[in-house]
Amino acid sequence: MPSKILIIGGGAVGLTSAIALLEAGHRVTLLERGSIGLEASWAGGGIMSPLCSWDYKDSVTRLAHRSMAMLPIVAETLKQLTGIDPEYQRSGMLVLPSYDADLALRWCEQQHFAIQQVDVSDYLTGHRSQPALLLPEVGQVRNPRLLRALRKRMEMLGGEILEQHEVLSVVVQGDQVSGLQTVHGMQSADRYVVTAGAWSKTLLGEHAAQMDVKPIRGQILLFKFDTPPFTQILLKDGLYLIPRRDGHVVVGSTLEDVGFDKSTTQVAYDDLLGRIRQIFPSWQHIEPIKHWAGFRPGSPDNIPVISRHPQLQNLYASTGHFRYGVTMSLASAELLCNLMEARPQPFSVEEYRWR
């Protein structure tokens, strides 16, 4: 039965959830404490894959790879319907040493995921011959453009967006949420969904149950070249470099447990720059044009909560996606909508249960 749904949090997960629920016939209002899409979803690099899938649990890769498979069609549809190009491209990812080749090859073979053993010198001009792994199916998006397209699509479907509407408290009566106290007064609905990322646990307060989500700061550098200096995403020991069509290169990122401190630091700047110049000694005199930070919703083993509350019957959450909110957003919205519509799920969702 169609219902009125309030979603708290306007990043990629909130927007894709809103679109899925609107397409299912519900009335949806999205509340955002600041401006739509300007927190973790905006700050991230837009790699549509776990960095090295073989390093993660099945519950992470299953969700991420389902989203990866959905994105090409969704990105093209958004482009056609909204006029905003998310700039999805299947650029591939080149994994530079060091890595566990046996583990990577075995995992990719078991999962039927394309992988090739290649030579670095065939892909990076001026680099010496050494082995690397190429994952040709890995794609990327421009996060800010994707978020603008998702917002426009939500509005086209009749969804309501209320920005600068920070939720101050969740009002509960018995086993139901009766409303949300915001800075602009009370908001009420039939059902409520928390997609507030790093702020989810804080927002829920005493009603967070055992949700284990906290902010993890990530700092990123941005470079600009006249033309892209390479074509594949590069990954080396956790450092990624993402080439954009217009010559920008996004480089990141740190993992810092510092609470809600979004400041950038010289230590992180120097560390990232030093690691970049180890890969590209010719960049010794090239400086970043921008340096920023964002909060990932950190969770144990990168496993999100996509579930109904253990006690409150009309409260749901899709949060704690850690580094992969944009990557997992489409499949997360699918699982959430299936849950709220009592539809069958495409795979076991037990790992995402709100404990």
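Derivation of every value follows stated rules applied to the coordinates shown; laboratory data play no part. Predicted model, so just to flag it, every value in this text is computed and none were measured. Glycine also receives a Cβ, built like all others from the backbone with ideal geometry; neighbour counts cover every protein chain displayed.
What you get for the chain, charging only the Cβ of Lys and Arg (+1) and of Asp and Glu (-1), is a dipole of about 480 debye around the Cα centre. Taking the centroid of alpha carbons for each part, the range 247-270 and the range 91-147 are 24 Å apart.
Ranking of Asp257, Asp190 by neighbouring Cβ atoms within 10 Å, starting from the fewest: Asp257, Asp190.
In order along the range 228-241, the phi-based Karplus estimate (6.51 cos²θ - 1.76 cosθ + 1.60, θ = phi - 60°) of 3J(HN,Hα) comes to x, x, 7, 10, 8, 4, 10, 9, 9, 6, x, 8, 10, 10 Hz; Gly and Pro are listed as x. With θ taken as phi - 60° and the Karplus curve 6.51 cos²θ - 1.76 cosθ + 1.60 applied, the whole-hertz 3J(HN,Hα) list for the range 29-39 is 10, 10, 9, 10, 5, x, 10, 4, x, 10, 10 Hz, x standing for glycine and proline. This ranking places Trp354, Trp42 by how few other beta-carbon atoms lie within 10 Å of each, fewest first, which gives Trp42, Trp354.
Over what distance in Å are the Cα centres of the range 307-355 and the range 26-84 separated? Taking the Cα centre of each part, the range 307-355 and the range 26-84 sit 14 Å apart. Take every DSSP beta bridge whose two residues both sit in the chain; close to 70 percent of them are antiparallel. Axis angle, to the nearest 10 degrees, between helix 101-111 and the longest C-alpha principal axis of the chain: 50 degrees. Straight-line cross-link reach from Lys152 at under 23 Å between alpha-carbon atoms covers these lysines, not counting any fewer than eight positions away in the same chain: Lys4, Lys79. Computed from backbone phi with θ = phi - 60° and the Karplus coefficients 6.51, -1.76 and 1.60, the 3J(HN,Hα) list for the range 3-9 is 9, 8, 10, 9, 10, 9, x Hz; x is used for glycine and proline. Axis of helix 266-279 versus longest Cα principal axis of the chain: the two differ by about 40°, to the nearest ten degrees. Among Ala333, Ala198, Ala132, the largest mean-square fluctuation in a Gaussian network model of the chain, built with springs joining Cα atoms closer than 10 Å, belongs to Ala132. The Cα atoms of the range 45-100 give a gyration tensor whose axes a ≥ b ≥ c have a/c of 1.5 or more with a/b no greater than b/c, which makes the shape oblate. For the chain, the longest principal axis of the alpha carbon atoms and the long axis of helix 12-23 meet at an angle near 50°.
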